Amino acid sequence: MTMVQQDTETTRALQGLEDGRSSVRLRAALAVGTTPDPRFVDKLIERCAIEPEFYVREMLTWALTRHSSSVTVPGLVHEVRSERAQARSQALHTLSKIGDRQAWPAITRALLSDADDEVARSAWRAAVVLVPEEEEPELAGVLATQLGRGERETRLSLSRALIALGEVILPTLRAAMTDPDPRVRQHAIATERLLRDPDAGFEFAIEEAKRVVALGGTGKEGQ
């Protein structure tokens with residue numbers, strides 16, 4: 001392929017990413033990921049911030065993972081500070097897929113407690129992928145400040161993130177089991193149950209935790 005042909009293909013793909021039809025945007029993102037080119041990275045990141053279709057965003061993320069992390073990570077780290085919630089969320093999601101721990105310093109306490117649930121969930125997932133082992137206990141403590149937050153999907157996301165850290169979360173969970181807020185106690189007990197019995201299921205663990213809290217227990221009896 002000549003240089004002119006390459007430039008034409010690049011222009012066509014960039015235009016495709018902005019097409020009004022989601023099917024065209026999807027094909028363009030697939031094409032960019034199939035033939036990675038650093039010239040696409042800024043446009044991919046920019047598009048992630050505004051793309052309305054979930055499956056197209058997933059293809060954009062995949063296309064970014066196909067490029068060198070040395071090219072993608074700096075732009076994504078900048079994006080997690082965006083005022084646009086979707087930009088923060090999608091950048092965090094992509095960083096978790098890339099898995100380059102150089103991005104760890106960008107996962108701030110502010111992101112882990114972001115007011116937007118989708119941003120917070122993405123931050124939790126990214127954090128447990130990127131955190132250095134020696135910083136896992138501190139991360140567990142920060143994540144525990146979010147126990148009891150939100151509805152089922154958010155609580156399940158937090159439990160999964162905590163469980164991904166393993167046994168290091170137990171002291172933090174046991175402290176949370178005595179929290180004045182019953183929602184925090186329930187969530188901590190349910191998360192501990194799931195850590196010990198992953199097959200129990202979140203709904204069962206939550207209902208069991210509610211029963212324990214209603215009876216005045218902390219979930220630590222017999223431990």
Please list the radius of gyration and Dmax for the chain, considering alpha-carbon atoms only, with Å as the unit. 20.6, 75
Most mobile of Pro180, Pro198, Pro105 per a Gaussian network model of the chain (Cα springs, under 10 Å)? Pro180
Farthest toward the dipole's positive end in the chain, which of His93, Thr178, Trp104, given Cβ charges of +1 (Lys, Arg) and -1 (Asp, Glu) about the Cα centre? His93
Compute the angle between helix 85-98 and the longest alpha-carbon principal axis of the chain, please, reported from 0 to 90 degrees and rounded to the nearest 10. 90 degrees
Report ³J(HN,Hα) in whole Hz for each residue of the stretch 146-151, in order, from the Karplus equation J = 6.51 cos²θ - 1.76 cosθ + 1.60 where θ = phi - 60°; Gly and Pro get x. 9, 4, x, 7, x, 8
Charged-residue dipole, Cβ positions (Lys, Arg, Asp, Glu), the stretch 12-130 about Cα centre, Debye nearest 20: 260 debye
On C-alpha positions alone, give me the angle between the axis of helix 22-34 and the longest principal axis of the chain, in degrees, nearest 10. 80 degrees
Cα-centred dipole magnitude for the chain, charges only on beta-carbon of K, R (+1) and D, E (-1), debye, nearest 20: 240 debye
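When a footprinting reagent is the concern and you count Cβ atoms within 10 Å, what order do Ile169, Ile163 take, fewest first?
Least to most surrounded, the residues fall as Ile163, Ile169.
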Take peptides 127-133, 18-24 and line them up by average Cβ neighbours within 10 Å, highest first, as a rough protection proxy. 127-133, 18-24
What angle do you read, to the nearest 10 degrees and between 0 and 90, between the alpha-carbon axis of helix 182-196 and the longest principal axis of the chain? 80 degrees
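Coordinate-derived values only; no laboratory data. The structure presented is a predicted model; accordingly, all values stated were derived computationally and were not measured. No Cβ is skipped: glycine too gets one built from the backbone with ideal geometry, and neighbour counts run over all protein chains shown.
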